[in-house]
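A short write-up of the structure that comes next.
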Amino acid sequence: MDLHRLEVFCKVYEMKSFSRGARACLLSQPTVSEHIRYLETFFDVQLFDRLGRQVVPTRAGEILYDYAQRMLNLRREANRALELYRGKMSGELELGGSTIPGQYILPSLIGQFKRNYADIRIKLVIADTMNITNMVLEGALELGVVGAQIKNNKLEYERLFDDELVLAMSPNHTWADRSSITLDELADASFIMREQGSGTRIMMLRILEQAGFDPQRLNVVAEMGSTDAIRQAIKAEVGVSILSRRAIADELNFQQVSKIPIKDLTFVRHFYLVTHIKRSRSPLGQAFVDFLVENRDSGS
């Protein structure tokens, strides 16, 4: 049995699409369709029901997927054992980072890691927490580092780094010279919100709700798709926002942005390693995970 065909089958199964499976495997869609037809002929079963653009596995497809995963995992384990035996580490690792870890934590850690393994290539995808989590779930990324846990029984999370969210505003804002504000006062401000799916947004709303503050009370004047856009909007005096302190460190140092605490409220959140619970890690992926765990303090 050609294991490559099984890899293609698993991608189509996981992504429920021939076209997305083809992109993940870097193959044309006709080539992917031919691999699936071969397997259906070989086993004399239908593996998928085609429902428009989506494909749904048949019971035979579900059975084959379970065994295919075991066979592919066994091959990965064999490769890992032999590479470790030879003391060799090579290949490409695709990982994802939500905005804050992707921009402010992972790049320096990747640089340190590559000094130990000069022959490796690392592709870092930066997107919001929801998108990174979905890419790990679909198998497009081997692992991710995100700012919130999205519940799914196929995903596993491990806490890596800590972060602080702060209320940020222009130095010209009427609050800028105050020592603090109350939570009720937050409802009076023009507020700039991160987009849906942002880990910062998810955790901010969760903390506000736990403190008894209804997020619907926020006077949202703008919703923006990146931390950089919000930083510029704050400096342009569009409004205030709650952002990662890491993201505005330079602006705080140069007094381009001010921050003040909210009385009796601490915005502490964590960044998590997210992986698919049923997929074994590549040797390179496992080595990078071990490196992250060993260096978790340096990212805090």
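List the strands (runs of 3 or more DSSP E) that sit entirely inside the stretch 161-247 and contain at least 2 residues that are surrounded by fewer than 16 Cβ atoms within 10 Å (Cβ to Cβ), modelled with pLDDT of 95 or more and in the same structural domain as T99 (by TED's automatic domain parsing).
Because the criterion is at least 2 residues that are surrounded by fewer than 16 Cβ atoms within 10 Å (Cβ to Cβ), modelled with pLDDT of 95 or more and in the same structural domain as T99 (by TED's automatic domain parsing), no strands (runs of 3 or more DSSP E) in the stretch 161-247 meet it.
Could you run through the stretch 44-58 and say how many residues are of a type in the set (A, V, I, L, M), assigned to a strand (DSSP E or B) and exposed (fewer than 15 other Cβ atoms within 10 Å of the Cβ)?
2
Name the residues in the stretch 248-282 that are charged (D, E, K, R) and part of a loop (DSSP other than H, G, I, E, B), would you?
Scanning the stretch 248-282 gives K263, D264, K278, R279, R281.
Is it true that G96 is surrounded by 13 or more Cβ atoms within 10 Å (Cβ to Cβ), within 30 Å of N295 (Cα to Cα), touching a helix residue (DSSP H, G or I) at 6+ places or on another chain (Cβ under 6 Å) and not hydrophobic (A, V, I, L, M, F, W, C)?
Judged against the criteria, G96 is a match.
Looking at the stretch 44-80 only, could you name the residues that are aromatic (F, W, Y) and within 18 Å of F18 (Cβ to Cβ)?
Answer for the stretch 44-80, where residues must be aromatic (F, W, Y) and within 18 Å of F18 (Cβ to Cβ): F48, Y65.
Among the residues of the stretch 284-297, are any surrounded by fewer than 18 Cβ atoms within 10 Å (Cβ to Cβ), over 24 Å from the mean Cα position of the chain (by Cα) and either modelled with pLDDT of 95 or more or not in a strand (DSSP E or B) (or both)?
So far as the stretch 284-297 goes, no, none of its residues is surrounded by fewer than 18 Cβ atoms within 10 Å (Cβ to Cβ), over 24 Å from the mean Cα position of the chain (by Cα) and either modelled with pLDDT of 95 or more or not in a strand (DSSP E or B) (or both).
Take the stretch 118-138 and flag every residue that is touching a residue at least 40 places away in the same chain (Cβ under 8 Å), surrounded by fewer than 20 Cβ atoms within 10 Å (Cβ to Cβ) and either under 8 Å from the mean Cα position of the chain (by Cα) or part of a loop (DSSP other than H, G, I, E, B) (or both).
Once the filter is applied, which keeps residues that are touching a residue at least 40 places away in the same chain (Cβ under 8 Å), surrounded by fewer than 20 Cβ atoms within 10 Å (Cβ to Cβ) and either under 8 Å from the mean Cα position of the chain (by Cα) or part of a loop (DSSP other than H, G, I, E, B) (or both), the stretch 118-138 yields M130, N131.
Considering the stretch 248-261 alone, what residues qualify as being buried (at least 21 other Cβ atoms within 10 Å of the Cβ) and of a type outside the set (G, A, S)?
I248, V257 - these are the residues of the stretch 248-261 that are buried (at least 21 other Cβ atoms within 10 Å of the Cβ) and of a type outside the set (G, A, S).
The values are calculated or read from the model by the stated rules, or taken from the named source; none is laboratory data. The structure presented is a predicted model; accordingly, all values stated were derived computationally and were not measured. So basically every Cβ, Gly included, is an ideal-geometry build from the backbone, and we count neighbours across all protein chains shown.
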